[in-house]
Amino acid sequence: MTTALVDAVGDRPLPLAVTATAEHVVVRANPAARNLVGDVVGRPIRAALPHPALLAALDAAYHRGDPGVVPLPAPDVVVGCLPVADGVLLLLAPADAPPDLRRRTAALHRLAAELASAANPQAIAFLVSTTAARLLGADACGVYSRTDAGALTTLHSSGWPAATAGRFTRVELRRGRPLSDAVLDGTPVWLEDAAQWRSRYPEMAPVGTSGGFQATACLPLRVRDRDLGAVVFSFLTPRPFRSDEREYLLATAALCAQALDRVRLLAAEQAARAAAERQLDRMTFLARASRLMEAPLSVEERLQRLANLAVPDFSDWCAVHLVRGDRVDEVAVAHADPAKVAFVARLQERYPPDPTAPGSAIEVSRTGRPAFFPEIPDALLVDAAVDEEHLRLIRSIGLRSAVVVPLLVRGRSLGTLTLVHAESGQRFDEVDLAFTAQLAGVAAVALDNARLYEEQRRIAQTLQDALLPAVLPDVPGVRVAARYRPQTDHLAGLHVGGDLYDVVAGDTPGTWGVVVADVCGKGPEAAARTALIRHTLRAEVGHGHGPAEVLRRLNRAMLREPGGSPLRFATAAHGRLHVDGDGATVTMASAGHPPPLVRRGGTVEAVTAPGTLLGVYPDIELTETTVRLDRGDMMVLYTDGVTEARGVNGLYGNDRLATLVATTPSPTADTLADTLLADVVGFQQGRLHDDVALLILEAMP
């Protein structure tokens with residue numbers, strides 16, 4: 001469109017140029033424009049017009065589609081920046097231009113601004129067929145939109161006799177007709193008088209010249225490769241369509257096409273956003289339903305809450321049925337009006353549901369096949385009714401649309417979920433059917449999980465107990481206390497955690513090995529790695545190795561395990577405890593683990609021994625540090641489930657832990673362990689996001 005526009009030259013043409021890309025490189029310029037600014041084709045426009053205001057207007061037109069007008073002092077010219085498909089159309093009006101040229105340029109600027117604010121295709125078509133037609137001196141105008149079916153439909157027309165306009169509300173695209181040729185070829189068709197009509201289009205001439213019309217311009221509306229339709233201008237007098245007038249008509253069509261493409265893209269964006277928001281609402285609802293189905297309630301209470309949640313945002317009615325032996329029972333039903341719920345309950349008592357009715361909850365529960373009724377015809381109600389009174393009562397509910405999906409899990413039907421639209425007048429579609437199936441899947445899995453939960457919990461607890469010492473050994477001169485609490489959110493308590501603590505006798509009397517470790521991950525693999533750590537560490541401590549050497553040997557053992565992965569790492573804090581008559585000495589090494597804390601009276605210090613985590617690198621760097629525990633001093637070893645606990649106020653953190661260790665009044669190892677665990681659990685409101693392990697050593701006073 002714009003290429004043809006600027007290539008049209010004449011004895012008094014409109015100065016035009018077109019820029020492309022964000023650099024505003026001039027790709028076309030007609031002779032009149034080159035006379036004003038020089039031959040700048042192939043170069044950025046700033047090479048000829050380096051004015052900041054012009055560059056800002058070009059950016060606004062290119063990036064945001066906002067037209068603008070900028071007066072420039074040198075050369076003395078007014079530049080209009082109009083957004084078009086392949087860049088920005090520049091209309092240059094020199095100060096000494098004839099009044100007619102200045103008037104036309106200003107009018108085109110105003111039209112561009114009005115088109116830029118038009119909200120829909122009909123508003124754009126109205127502007128073109130009225131305002132633009134008047135500016136062009138056209139006596140009639142029509143704007144047509146291209147359909148997917150290979151036809152044109154009228155967006156708006158004015159000036160033609162009603163009978164003529166009525167015949168062309170829909171135009172099939174066929175060769176040999178001026179409007180069709182313009183659209184199919186992508187080039188304008190100019191008919192300057194009735195004689196040209198009869199010569200070029202004899203079949204259409206009687207229609208094209210009816211009502212006394214003579215000249216016609218059929219201009220395609222295209223943006224890049226997108227065919228948007230066409231605009232037709234008709235004139236009651238012959239029109240020679242000089243070059244400058246063709247330019248003006250083409251410029252008008254280019255602006256119309258750009259405006260139509262803008263609203264088309266905007267409509268597509270709004271539709272996509274609406275669909276995304278609808279999907280987000282559904283995903284949010286599914287997340288809420290999932291949390292609801294995990295609540296510590298009876299099955300019936302959870303399903304009733306689920307039904308209540310679905311009404312009225314997603315349906316007017318919701319019901320849940322469960323298979324119980326050879327029966328299918330309704331266990332939940334919801335509607336915004338409790339009186340209607342009671343009415344339906346009485347109706348079902350009087351007329352029990354037919355278990356063989358196609359698409360009923362009972363039938364879907366037993367077959368496991370969904371039933372979808374986008375529209376509930378009255379004939380379906382007639383077939384379901386027992387008598388005339390029953391039919392009258394069913395009709396009074398106002399059923400409009402329904403979805404009945406089975407609660408399926410592992411190929412077994414547990415019941416059904418039913419959603420119904422009634423008085424809202426809404427209808428379910430295929431997307432609603434898929435969403436209801438997702439919701440039913442959430443409910444079915446939750447119901448099945450409830451049946452399996454206790455058995456799985458017992459198995460997990462048994463395995464977890466096997467990874468931790470049943471009782472801590474009696475360490476003469478040192479009180480030892482340990483606490484462990486598994487992760488509890490999202491039923492994670494069913495999985496074996498990777499936190500470990502242990503106390504084991506050393507190779508000589510009065511020496512002991514202590515460890516707190518944290519294995520990445522949950523489940524069987526984490527459990528296997530936890531067992532490897534515990535048993536390897538116990539063996540190496542018994543051989544009399546120091547803490548750093550024990551951790552190096554443990555690292556090698558982990559790397560030798562088949563299926564080793566950097567994602568299966570572990571951290572550990574390991575100490576060699578030597579007890580004497582005045583307290584104890586602890587030599588510590590840490591493999592990427594949080595530093596232990598030592599309490600001395602009312603002060604707390606961290607025991608730092610930097611080191612590399614285990615199970616990733618063959619060569620690890622470790623350091624050892626020695627700490628003295630005098631009588632009454634305590635050492636607190638812990639996993640990151642303590643400091644990285646998440647609560648409503650953020651992370652638990654090192655400072656909170658250190659403050660609590662320092663300020664707990666007159667603690668013993670046991671009371672401090674209880675205090676710390678209770679504080680971490682309370683901080684997370686009883687819902688632990690990670691395992692928590694604590695090991696506390698107290699040099700006996």
Per the filter on region 245-286, residues in contact with a strand residue (DSSP E or B) (Cβ under 9 Å, 6 or more places away or on another chain) and β-branched (Val, Ile, Thr) are Thr252
Restricted to region 226-251 and to residues being in contact (Cβ under 8 Å) with a residue 60 or more places away in the chain and assigned to a loop (DSSP other than H, G, I, E, B), the residue nearest to Thr21 (Cα to Cα) is Arg242
Of the residues in region 195-225, those that are assigned to a helix (DSSP H, G or I) and free of Cβ contacts under 8 Å to residues at least 24 places away in the same chain come to Ala195, Gln196, Trp197, Arg198, Ser199, Arg200, Ala205, Pro206
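Assess whether Val364 counts as being hydrophobic (A, V, I, L, M, F, W, C) and under 23 Å from Glu423 (Cα atoms).
Working: hydrophobic (A, V, I, L, M, F, W, C): yes; under 23 Å from Glu423 (Cα atoms): no.
Against the criterion (hydrophobic (A, V, I, L, M, F, W, C) and under 23 Å from Glu423 (Cα atoms)), Val364 does not qualify.
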Just to be sure, is Arg282 farther than 26 Å from Thr153 by Cα, in contact (Cβ under 8 Å) with a residue 40 or more places away in the chain and not assigned by TED's automatic domain parsing to the domain that holds Asp429? yes
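Going through Arg46, Arg28, Arg34 one at a time, which residue ends up being crowded, with 19+ Cβ neighbours inside 10 Å, at pLDDT below 90 and either out of contact with any Asp or Glu (no Cβ under 6 Å at 6 or more places or on another chain) or outside any helix (DSSP H, G or I) (or both)? Working first, answer last.
On the way: Arg46 fails: crowded, with 19+ Cβ neighbours inside 10 Å; Arg34 fails: crowded, with 19+ Cβ neighbours inside 10 Å.
Testing whether each residue is crowded, with 19+ Cβ neighbours inside 10 Å, at pLDDT below 90 and either out of contact with any Asp or Glu (no Cβ under 6 Å at 6 or more places or on another chain) or outside any helix (DSSP H, G or I) (or both) leaves just Arg28.
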Within region 67-98, of all residues that are of a type in the set (Asp, Glu) and touching a strand residue (DSSP E or B) at 6+ places or on another chain (Cβ under 7 Å), the one farthest from Glu114 (Cα to Cα) is Asp76
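Condition first: touching a Ser or Thr at 6+ places or on another chain (Cβ under 7 Å) and either crowded, with 19+ Cβ neighbours inside 10 Å or at pLDDT 80 or above (or both). Can you find one or more residues in region 463-486 that meet it? Show your work before the answer.
If we filter region 463-486 for residues that are touching a Ser or Thr at 6+ places or on another chain (Cβ under 7 Å), which is where we start, we get 467, 479.
If we keep only those that are either crowded, with 19+ Cβ neighbours inside 10 Å or at pLDDT 80 or above (or both) too, we end up with 467, 479.
Checked region 463-486: at least one residue is touching a Ser or Thr at 6+ places or on another chain (Cβ under 7 Å) and either crowded, with 19+ Cβ neighbours inside 10 Å or at pLDDT 80 or above (or both).
Among the listed residues Arg599, Arg576, Arg568, identify the single one that is in contact (Cβ under 8 Å) with a residue 24 or more places away in the chain, farther than 29 Å from Ala527 by Cβ and outside any helix (DSSP H, G or I). First the steps, then the outcome.
Details: Arg576 fails: farther than 29 Å from Ala527 by Cβ; Arg568 fails: farther than 29 Å from Ala527 by Cβ.
Selected residue: Arg599, the only one of Arg599, Arg576, Arg568 that is in contact (Cβ under 8 Å) with a residue 24 or more places away in the chain, farther than 29 Å from Ala527 by Cβ and outside any helix (DSSP H, G or I).
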Per the list (1) part of a helix (DSSP H, G or I); (2) surrounded by 20 or more Cβ atoms within 10 Å (Cβ to Cβ), residue check on Leu265 breaks on (2)
Considering region 596-615, residues that are surrounded by fewer than 19 Cβ atoms within 10 Å (Cβ to Cβ) and not hydroxyl-bearing (Ser, Thr, Tyr), and then whichever is farthest from Leu657 (Cα to Cα), we arrive at Pro610
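Yes/no matrix, rows are residues, columns are (1) under 23 Å from Asp640 (Cβ atoms); (2) surrounded by fewer than 15 Cβ atoms within 10 Å (Cβ to Cβ); (3) touching a residue at least 60 places away in the same chain (Cβ under 8 Å); (4) out of contact with any helix residue (DSSP H, G or I) (no Cβ under 7 Å at 6 or more places or on another chain):
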| position | (1), (2), (3), (4) |
| --- | --- |
| Gly506 | no, no, yes, no |
| Pro509 | no, yes, no, yes |
| Pro524 | yes, yes, no, yes |
| Glu540 | no, no, no, no |
| Pro547 | yes, no, yes, yes |
| Leu554 | yes, no, yes, no |
The correct count of residues that are within 21 Å of Arg631 (Cβ to Cβ), surrounded by 16 or more Cβ atoms within 10 Å (Cβ to Cβ) and of a type in the set (A, V, I, L, M, F, W, C) in region 657-699 is 8
When (1) at pLDDT 70 or above; (2) surrounded by 15 or more Cβ atoms within 10 Å (Cβ to Cβ); (3) not assigned by TED's automatic domain parsing to the domain that holds Gly411 are applied to Ala460, the one that fails is (1)
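Okay, residues lined up against (1) within 30 Å of Arg110 (Cβ to Cβ); (2) of a type outside the set (Gly, Ala, Ser); (3) out of contact with any Leu (no Cβ under 6 Å at 6 or more places or on another chain):
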residue	(1), (2), (3)
Ala268	yes, no, yes
Ala272	no, no, yes
Ser290	no, no, yes
Met293	no, yes, yes
Glu301	no, yes, yes
Val320	no, yes, no
Val328	no, yes, yes
Glu349	no, yes, yes
Pro352	no, yes, yes
Taking first residues from region 349-366 that are free of Cβ contacts under 8 Å to residues at least 24 places away in the same chain and second residues anywhere that are of a type in the set (Gly, Ala, Ser) and part of a loop (DSSP other than H, G, I, E, B), the pairs with Cβ under 8 Å that are 6 or more apart or on different chains are Pro353/Ser360; Glu363/Ala357
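For region 71-189, which helices (runs of 4 or more DSSP H) that fit wholly inside it have 3 or more residues that are in contact with a Gly (Cβ under 9 Å, 6 or more places away or on another chain) and within 27 Å of Leu54 (Cα to Cα)? Break it down stepwise before answering.
Numbers: elements: 99-117, 121-127, 133-136, 162-167, 178-185.
Passing ranges, in order: 99-117.
The values are calculated or read from the model by the stated rules, or taken from the named source; none is laboratory data. If you're wondering where the values come from, they're calculated on a predicted model, not measured in any experiment. Reconstructed Cβ throughout: ideal geometry from the backbone, glycine too, with neighbour counts over all protein chains shown.
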